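Below is one structure, written out as structure tokens; comments come after it.
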Amino acid sequence: MCEQWQRPEGCIAARRERFDGPRAWMGWREFVDASFPRLEFGRNEHADFRAEIEILDLPAGALATMRTGAHAVTRTRALIERAEEGHIKLMWRLGGDVLVEQDGRSTRLGERTASVCDTARPYRLHLSADARISVLTLPYRCCTGWERISSKVCALALPAATSRAALAALSSLRDDLVAAECDGQSDDVLSAIHMLLYSALHGVAESEAGGRIAQRFARARRYISEHAADPELGPDALATALCMSRRSLYQMFSAHGLTPARLILDTRLERCRAALLDPAHINRSVTEIAFGCGFADVSSFCRLYKRRFGVSPRASRSLGAES
């Protein structure tokens, strides 16, 4: 097999194959090896393995629709090292059970929903008995910026509405694509589908990145809440605890309209106010409460407290005693 896996430029061609009988499993493996970027096959224990496939060799990439018996395939590092280039591999589940794994993530596809893999990194597919899938394999150039988002979107489920719309477009136009002459008609159809998938992939990447930032910011807030009483807690200590650079920490807080120092100070002041207003702490001095909430200087604390709440700490203590 030629691992370059380059499709001929020009007209669209269709191929159909069926595998049945004693040599079905071996014939399927040989056909897949000759038609796609190479994969390692998990052992199939079923003597009655059956598969059928239709492949449209497109001007850029290929669209395959297949029904198979239960098996698993893996794109290994050894196979990747022998390849000259990678491809984008979009997969839709039409029936059975399909599990996609890559980059430490996995997703079980819903009906007519899609996920994506990058053939330049290891991935694994698990297909159940009578699994039916459509696979659109594209060169990187079909998705501008793919190298930047690839590691963020692989093995995630794409939005269901977009997945189904793209699949419906491919399915309903299959006959036209096969019959189309080299007059640009197929290119127009595929360009529209590429744009649809481009938007979906970049949308998933942005959502995934936003989710990670939100999780990290929540972790920062939680760390401040748990360590506010430590007078050594500041932006540098927080960045170290979160395994972030100081610059990244400030960028994350800036996106929420805050600075690390501001949130640390506000957390300490709110805790002091709560203690001063609570009759249960009536026997604690203002200085003791300030030091217990992470302040190292009582005069600075009193000045910051009054600026924040409009009253002095002692005035808040009086309000708590009256309530």
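The values are calculated or read from the model by the stated rules, or taken from the named source; none is laboratory data. Nothing here was measured: the structure is a model prediction, and the numbers come from that model. Neighbour counts are summed over all protein chains in view; Cβ atoms, including those assigned to glycine, are modelled from backbone coordinates with ideal geometry.
I'd like to check something: does region 138-155 contain any residue that is free of Cβ contacts under 8 Å to residues at least 12 places away in the same chain and touching a strand residue (DSSP E or B) at 6+ places or on another chain (Cβ under 8 Å)? There is no residue in region 138-155 that is free of Cβ contacts under 8 Å to residues at least 12 places away in the same chain and touching a strand residue (DSSP E or B) at 6+ places or on another chain (Cβ under 8 Å).
I'd like to check something: does region 214-226 contain any residue that is in a helix (DSSP H, G or I), modelled with pLDDT of 75 or more and more than 28 Å from the chain's Cα centre (by Cα)?
yes
Residues Gly104, Gly96, Gly86: which one is modelled with pLDDT under 90, surrounded by 17 or more Cβ atoms within 10 Å (Cβ to Cβ) and not basic (Lys, Arg)? The conditions single out Gly86.
Do we find that Thr137 is within 23 Å of Phe41 (Cα to Cα), under 15 Å from the mean Cα position of the chain (by Cα) and either in a strand (DSSP E or B) or assigned by TED's automatic domain parsing to the domain that holds Phe49 (or both) in this structure? In short, no.
Filter region 107-139 down to residues that are polar (S, T, N, Q) and either closer than 21 Å to Arg77 by Cβ or out of contact with any Phe, Trp or Tyr (no Cβ under 6 Å at 6 or more places or on another chain) (or both) and give me whichever is surrounded by the fewest Cβ atoms within 10 Å (Cβ to Cβ).
Start the filter on region 107-139 by keeping residues that are polar (S, T, N, Q), which leaves 107, 113, 115, 119, 128, 134, 137.
Of the ones still in play, those that are also either closer than 21 Å to Arg77 by Cβ or out of contact with any Phe, Trp or Tyr (no Cβ under 6 Å at 6 or more places or on another chain) (or both) are 107, 113, 115, 119, 128, 137.
Working: Thr107: 18, Thr113: 21, Ser115: 30, Thr119: 21, Ser128: 16, Thr137: 24.
Looking at residues that are polar (S, T, N, Q) and either closer than 21 Å to Arg77 by Cβ or out of contact with any Phe, Trp or Tyr (no Cβ under 6 Å at 6 or more places or on another chain) (or both), I get Ser128.
Scanning region 62-92 for residues that are part of a helix (DSSP H, G or I) and not charged (D, E, K, R), we see that the one that is nearest to Ser150 (Cα to Cα) is Ile80. Scanning region 244-286 for residues that are assigned to a helix (DSSP H, G or I), in the same structural domain as Ser312 (by TED's automatic domain parsing) and farther than 19 Å from His227 by Cα yields Leu276, Leu277, Pro279, Ala280, His281, Val286.
When region 289-323 is limited to residues that are out of contact with any Pro (no Cβ under 9 Å at 6 or more places or on another chain), more than 20 Å from Ile224 (Cα to Cα) and charged (D, E, K, R), the one that is modelled with the highest pLDDT turns out to be Arg303. Output yes when any residue across region 36-53 is within 14 Å of Ile133 (Cα to Cα), of a type in the set (Gly, Ala, Ser) and either surrounded by fewer than 18 Cβ atoms within 10 Å (Cβ to Cβ) or touching a Ser or Thr at 6+ places or on another chain (Cβ under 9 Å) (or both), and no when none is. Within region 36-53, one or more residues are within 14 Å of Ile133 (Cα to Cα), of a type in the set (Gly, Ala, Ser) and either surrounded by fewer than 18 Cβ atoms within 10 Å (Cβ to Cβ) or touching a Ser or Thr at 6+ places or on another chain (Cβ under 9 Å) (or both). The residue list Arg132, Arg121, Arg112 contains one member that is in a loop (DSSP other than H, G, I, E, B), modelled with pLDDT of 90 or more and assigned by TED's automatic domain parsing to the domain that holds Ala51, which is Arg121.
What number of residues in region 227-240 are surrounded by fewer than 16 Cβ atoms within 10 Å (Cβ to Cβ) and either part of a helix (DSSP H, G or I) or at pLDDT below 90 (or both)?
Residues of region 227-240 that are surrounded by fewer than 16 Cβ atoms within 10 Å (Cβ to Cβ), as a first pass: 229-232, 234, 236-237, 240.
Narrowing further to those that are either part of a helix (DSSP H, G or I) or at pLDDT below 90 (or both): 236-237, 240.
Adding up the residues that qualify gives 3.
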